[in-house]
2 protein chains.
Amino acid sequence: MNVTIVGCGSVGAGWAALFAGVGGHRVRAWDPSPDVRGAFTDKVTRAREQLSELGHSTDAEVIVCERIEEALWGADWVQENAPEKLELKTQIYQHVESAVTHDCIIASSTSSFTWSQLGAGLKHGERFVIAHAFNPPHLVPVVELFCPNRGALDRAVKFFTELGRVPVCMKKEAAGHIGNRLAAALWREAVHLVAEGIADVEDIDKVLIHGPALRWSVMGAHLGYHIGGGEGGIDHYLRHTGPSQERRWATLGNPQLTAEVCEKIAAGVHNEVGDRDIAELERQRDRQLMEIVMLRDVYPTLVRK
Amino acid sequence: MNVTIVGCGSVGAGWAALFAGVGGHRVRAWDPSPDVRGAFTDKVTRAREQLSELGHSTDAEVIVCERIEEALWGADWVQENAPEKLELKTQIYQHVESAVTHDCIIASSTSSFTWSQLGAGLKHGERFVIAHAFNPPHLVPVVELFCPNRGALDRAVKFFTELGRVPVCMKKEAAGHIGNRLAAALWREAVHLVAEGIADVEDIDKVLIHGPALRWSVMGAHLGYHIGGGEGGIDHYLRHTGPSQERRWATLGNPQLTAEVCEKIAAGVHNEVGDRDIAELERQRDRQLMEIVMLRDVYPTLVRK
C-alpha cells in the first residue's frame, strides 16, 4: 500500500517505521516545518532499527516530501499526526481530500478529538477513521479506532492487525477515547495527592511502576478484581467490595492545576529525572518496552491481542 | 528475625514465602479457620518455588500454628492480613499486643484503612505500621508505608528493603493509601465507559494492557508527561496541555454500581475470562510478573527501586 504520513513528529516517525518496517508499505511523509522534515529520517531509522531487533525488517522506502501534494499522490492510507488543534486538522483534511481518491482512508492520530468533531467538514466522511496509538506507536501495541462506517472500520482493523497491533473499536465516541480518559482520571488523583502533600511525584511514579501499573500491564483492571474476588470472582468482588469502592470514589480529589501545584509537579519531575535528558529517557523507555514486547510473544498477557 | 503472619489467605501466603524465602526469617503463621490453615502450606510452597526461580532460596521454616499465642511467641515482626473489617483488625491487635514485647513491630496489610483508624486502640501505637502491598506480595515489589513514628518507619523501610521490595513512605495518611486511590480513580472512569456503552470490559482491559499500563509500568505517569512535553519536558506539558487535562477532568464520569451496571461488568469479565478458572489466571499472571521482575534486574525501569 501507499501510505502517507502528515505530521513528522515522534508519532509520525513511529508510524512511518511501523508501516514500512513491519507492513512493507511504501511510505511518503510531509510536515510543514523544514526542521521537522530534516530530523524525520534519523528518527525513522532509529525506530526501524528497534523493529529490526524485534524481528521486523523490510527494504520498504520512507521518503520525505517537501510538498504535501507529492506525499499524497496515489495514497491508499493517510495517517494525520498534526498538533491537537481542531482548525489545523480540519484544514489538513480539506487539502488531503482534494488530493486523494474517494477510497483512500484518512486516519487521525488525534488523542482527544472525536470523529464527529474532526469528520464534520469532510466531503467523504465515510472514509475518515480515528486511529489513536500511544507514543511510541511502533512499540506500544494498542490502536483505538472509531468510525461509524463499518466498511472503513473493517479496513482499519485489518490494516492495524496486519501490522501486529491490537486494534480496539470503540462502541461510541468519547473525547480522549478510552486510554486517555483512564489516564486523565488516574492523573487527576495523582495531582490531588501531590497538591495535598500526601505523596510526591517520584513516589507516585514508583508506586505505579512497582505496583498497580505492573499488575494492569499483565491483566488489566477488571481481571485484577476478578482474581481479587477469589473463588467467587468478579461477582463476589462487586457484591462485597463494590460498596467500598463507591465510598472511596466519594473521597477522591478534584484538584486544580494552579501555578503552585504545577510548580510542585514540575519540581518533583525534575527531581526524579536527575541529569537524564529526554533522549536518554526515551532510550531507556524504548529498551524496556522492546523487552516486554518480546516477552509477551513467549508468555502472553491475560488478555491476548 | 521471628516473623508472625496473622491471616493465612493469599496475601499472608505471599508474605510468608517472601519473609522466609528471601529474608531467611523464621515464620510462624496463624488463621482462625482450620480450612485456610490447611491450604496455607501448599500456597507458601508454590510461592517459594517461584521465588526460587527468581534466585531466592533458603531453608527457613514456615510453621502453621493452631493457636495464635503459639504463633506470636517471641515475634519481632507481626504482619496482619485479616479481612478489611475495622473491628476485627482492632480485636486482633489487642490480642497481639498482649502477647508480644514492646519493641515488636505490628504491621498491617490493610488496603483501605488509615493508621489513625487502626492504631487508635493500641497501647503502644508507636510500633504500629501500615505496610500495604499488592497481591501477590512476593512478586509485586512496592510496599506502601505509613507510620508517624520515625523510628518504627525506619525499621520498616530497612525490613522491606532487605527483602528486595520497593518501600514508599506516605507523607500523610489517606484512605486507600496511594496505589488504590489511583486504581479507584481509574476504575471509576472504566465503570463509566462500560455504563455508557462506550467500551466493554474486555476492550478496556486490552487498552490498559497494550497501552497506558504498559507505559506506566515502565515510566510512571509523570515521566510519561515529561517525555510527552518534548524538549520542554514537564514544564512545556503543564503549560500547553495542562488546561486541556482540566477540561477533560470535567468530562469524566461519576457512575454508580447499580445492579444493571454490575451485571454488565460481570458479564464482560466472564466473557474475557472464557473457561479459565482463578487458579489458571493466577498461574498466567504470576508467570508474566516473574518474567518482568527478572527483566527489570537487567533493564531497570525509569524510576528505580
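What to note about this one:
- Candidate set: the range A:234-246, residues that are within 22 Å of B:ARG276 (Cβ to Cβ) and either β-branched (Val, Ile, Thr) or touching a Cys at 6+ places or on another chain (Cβ under 7 Å) (or both); chosen: the one surrounded by the fewest Cβ atoms within 10 Å (Cβ to Cβ): A:THR241
- B:ASN81 meets all of the listed conditions (1) more than 15 Å from the chain's Cα centre (by Cα); (2) surrounded by 24 or more Cβ atoms within 10 Å (Cβ to Cβ); (3) closer than 27 Å to B:ARG46 by Cβ but one, namely (1).
- Single match in A:GLU162, A:GLU196, A:GLU231 (criterion: acidic (Asp, Glu) and either without any contact (Cβ under 8 Å) to a residue 24 or more places away in the chain or buried (at least 18 other Cβ atoms within 10 Å of the Cβ) (or both)): A:GLU231
- Leading residue by the ranking (nearest to A:PHE113 (Cα to Cα)) among those in the range A:188-214 that are more than 7 Å from chain B (Cβ to nearest Cβ) and of a type in the set (A, V, I, L, M): A:VAL191
- Residue within the range A:18-34 that is touching a helix residue (DSSP H, G or I) at 6+ places or on another chain (Cβ under 8 Å), more than 15 Å from A:HIS138 (Cα to Cα), of a type in the set (A, V, I, L, M, F, W, C) and modelled with pLDDT of 95 or more present: yes
- Of all residues in the range B:1-33, those satisfying the criterion of being over 20 Å from the mean Cα position of the chain (by Cα) and of a type in the set (S, T, N, Q) are B:ASN2, B:SER33.
- Exactly one residue among B:VAL201, B:VAL191 is over 27 Å from B:PRO300 (Cβ atoms), buried (at least 23 other Cβ atoms within 10 Å of the Cβ) and touching a Pro at 6+ places or on another chain (Cβ under 8 Å), and that residue is B:VAL191.
Yes or no, residue by residue, for (1) in contact with a Lys or Arg (Cβ under 9 Å, 6 or more places away or on another chain); (2) more than 15 Å from B:HIS270 (Cβ to Cβ):
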residue: A:LYS206; (1), (2): yes, yes
residue: A:PRO212; (1), (2): no, yes
residue: A:ARG215; (1), (2): yes, yes
residue: A:LEU223; (1), (2): yes, no
residue: A:GLY228; (1), (2): no, yes
residue: A:TRP249; (1), (2): yes, yes
residue: A:GLY253; (1), (2): yes, yes
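- The residue of the range B:268-304 that is surrounded by the fewest Cβ atoms within 10 Å (Cβ to Cβ), among those that are at the interface with chain A (Cβ under 7 Å from one of its Cβ atoms) and not in a helix (DSSP H, G or I), is B:TYR299.
- Test result for A:THR45, assigned by TED's automatic domain parsing to the domain that holds A:VAL22 and surrounded by 18 or more Cβ atoms within 10 Å (Cβ to Cβ): no
- All conditions in (1) free of Cβ contacts under 8 Å to residues at least 60 places away in the same chain; (2) aliphatic (A, V, I, L, M); (3) not assigned by TED's automatic domain parsing to the domain that holds A:VAL27 hold for A:VAL143, with the sole exception of (3).
- Qualifying residue in the range A:195-211 (condition: of a type in the set (Gly, Ala, Ser) and part of a helix (DSSP H, G or I)): yes
- Hey, B:ALA185 more than 7 Å from chain A (Cβ to nearest Cβ) and either closer than 21 Å to A:PRO243 by Cα or touching a residue at least 12 places away in the same chain (Cβ under 8 Å) (or both) or not: no
- Consider the range B:247-267 and keep the residues that are small (Gly, Ala, Ser) and more than 7 Å from chain A (Cβ to nearest Cβ). The one that is surrounded by the most Cβ atoms within 10 Å (Cβ to Cβ) is B:GLY253.
Conditions (1) within 7 Å of chain A (Cβ to nearest Cβ); (2) under 14 Å from A:SER111 (Cα atoms); (3) assigned to a helix (DSSP H, G or I), marked per residue:
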residue	(1), (2), (3)
B:TRP216	yes, no, yes
B:ALA221	yes, no, yes
B:ILE227	yes, no, yes
B:GLY232	no, no, yes
B:ASP235	yes, no, yes
B:LEU238	yes, no, yes
B:SER244	yes, yes, yes
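- Residue satisfying condition, being more than 30 Å from B:ASP286 (Cα to Cα) and modelled with pLDDT of 95 or more, within set A:GLY151, A:GLY224: A:GLY151
- Qualifying residue in the range A:42-54 (condition: under 23 Å from A:HIS132 (Cα atoms), part of a loop (DSSP other than H, G, I, E, B) and at pLDDT 95 or above): yes
- Single unsatisfied condition, B:SER109 versus (1) within 14 Å of chain A (Cβ to nearest Cβ); (2) free of Cβ contacts under 8 Å to residues at least 24 places away in the same chain: (2)
- If you go through the range B:116-173 and keep only what is more than 10 Å from chain A (Cβ to nearest Cβ) and aliphatic (A, V, I, L, M), you end up with B:LEU118, B:ALA120, B:LEU122, B:VAL129, B:ILE130, B:ALA131, B:LEU145, B:ALA152, B:LEU153, B:ALA156, B:VAL157, B:LEU163.
The values are calculated or read from the model by the stated rules, or taken from the named source; none is laboratory data. Quantities reported herein were computed from a predicted structural model and do not represent experimental measurements. No Cβ is skipped: glycine too gets one built from the backbone with ideal geometry, and neighbour counts run over all protein chains shown.
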